[in-house]
Amino acid sequence: GVGMGMTAPVSITAFPAEDGSFQQKVKVSLRIPSQFQANPPCPTDESIKIEERGGMTIYSTQFGGYAKEADYVSHAAKLKAALGSDAAYRKDFYLCNGYDPPMKPYGRRNEVWFVKE
């Protein structure tokens with residue numbers, strides 16, 4: 001019952017299949033605004049969970065445009081290639097982040113994050 005407005009980034013946790021595409025399971029995360037973080041409102045929908053995301057070190061790449069699954073998959077593959085085989089990061093998931101409202105046509109920012117182990 002509390003309106004909190006939209007926050008950025010919208011973060012999608014992707015669980016890649018063998019071919020790099022997304023599995024059917026994804027998790028969408030929204031940042032709780034600062035004024036609500038100490039005592040967030042309790043969700044009324046049981047499918048919504050409040051999680052605390054601890055600090056992390058990431059490998060990241062940024063790109064523009066209206067990002068679709070294929071764009072995130074492509075940029076994840078490029079990031080993987082750029083890192084090579086020596087970088088230690090979580091291989092079972094990665095994060096796809098969008099920073100802009102849907103109506104922003106230009107100068108859009110998207111990122112792929114690999115979480116360092």
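The values are calculated or read from the model by the stated rules, or taken from the named source; none is laboratory data. Please read all numbers here as calculations on a predicted model, not as lab measurements. Using ideal geometry, Cβ is built from the backbone for each residue, glycine included, and neighbour counts are taken over all protein chains shown. What goes into the accessible areas is simple: the full protein's heavy atoms, side chains included, and nothing from ligands, DNA or RNA. Shrake-Rupley method; radii C 1.70, N 1.55, O 1.52, S 1.80 Å.
Please identify the chymotrypsin sites (Phe, Trp or Tyr not before Pro) of segment 1-88 that satisfy two criteria: DSSP loop assignment and at most 16 other Cβ atoms within 10 Å. Which are they?
Values: sites: 22, 36, 59, 63, 66, 72; in loops: 66.
Those satisfying the criteria are 66.
Using 13 Å as the cut-off for backbone N distance, which residues of segment 22-47 belong to the label zone defined by a point 7 Å from the Cα of residue 91 along Cα→Cβ?
No residue qualifies, since no backbone N sits under 13 Å from the label point.
Counting Lys and Arg as +1 and Asp and Glu as -1, what is the net charge of the other residues whose Cβ lies under 15 Å from the Cβ of residue 6?
Working: positive: 31, 104, 108, 109; negative: 100.
Neighbourhood net charge equals +3.
Using a 1.4 Å probe over the heavy atoms of the protein chains, calculate the carbon and sulfur portion of the accessible area of segment 10-115 as a whole percent. Before the final figure, lay out each step's value.
Values: 3880 of 7280 Å².
It is 53 percent, rounded to a whole number.
Using the Karplus curve 6.51 cos²θ - 1.76 cosθ + 1.60 with θ = phi - 60°, work out ³J(HN,Hα) for each residue of segment 109-117 in order, rounded to whole Hz, and write x for Gly and Pro.
With coefficients 6.51, -1.76 and 1.60, one gets 10, 10, 9, 10, 10, 9, 8, 5, 7 Hz.
Between beta-carbons, use under 15 Å as the cut-off and find the net charge around residue 70, counting Lys and Arg +1, Asp and Glu -1. Provide the component values of the computation, followed by the final result.
Values: positive: 68, 78; negative: 19, 69, 71.
In short, -1.
Apply the Karplus parameterisation 6.51 cos²θ - 1.76 cosθ + 1.60, with θ equal to phi minus 60°, to every residue of segment 45-54 and state each ³J(HN,Hα) to the nearest whole Hz, in sequence, with x for glycine and proline.
Karplus values, whole Hz, x for Gly and Pro: 9, 5, 7, 9, 10, 9, 10, 9, 9, x.
At 7 Å along Cα-to-Cβ for each site, give me the label-to-label distance between residue 106 and residue 50 in nm.
The two pseudo-label positions are separated by 4.1 nm.
Just 81, 70, 38 to compare: in a GNM of the chain, with alpha carbon springs under 10 Å, which one fluctuates most?
38
To the nearest 20 Debye, how big is the dipole of segment 10-115 about its Cα centre, given +1 on the beta carbon of each Lys and Arg and -1 on that of each Asp and Glu?
On the way: 13 positive and 12 negative charges, 51 e Å.
Rounded to the nearest 20 debye, it is 240 debye.
For a Förster distance of 22 Å, can you work out the FRET efficiency between the beta-carbons of residue 58 and residue 81, rounded to the nearest 0.05? Present the calculation step by step, with values, prior to reporting the outcome.
On the way: r = 17 Å, r/R0 = 0.77.
After rounding, the FRET efficiency stands at 0.85.
Looking at segment 1-76, which GluC sites (Glu not before Pro) are DSSP coil and have at most 10 other C-beta atoms within 10 Å of their C-beta?
Numbers: sites: 18, 46, 51, 52, 69; in loops: 18, 46, 51, 52.
Of the GluC sites (Glu not before Pro), the ones in loops of segment 1-76 whose Cβ has at most 10 other Cβ atoms within 10 Å are 18, 46, 51, 52.
For segment 1-43, what is the accessible area per residue in Å², given a 1.4 Å probe and the full set of protein chains?
Values: 3060 Å² over 43 residues.
Here the per-residue accessible area is 71 Å².
Using a Gaussian network model of the chain with C-alpha springs under 10 Å, which one of 32, 50, 12 is most mobile by mean-square fluctuation?
Per the Cα network of the chain with a 10 Å cutoff, 50 tops the list.
Could you list the trypsin sites (Lys or Arg not before Pro) in segment 1-47 that lie in coil according to DSSP, counting only those with at most 16 other Cβ atoms within 10 Å of their Cβ?
On the way: sites: 25, 27, 31; in loops: 31.
Passing both the DSSP loop test and the Cβ count: 31.
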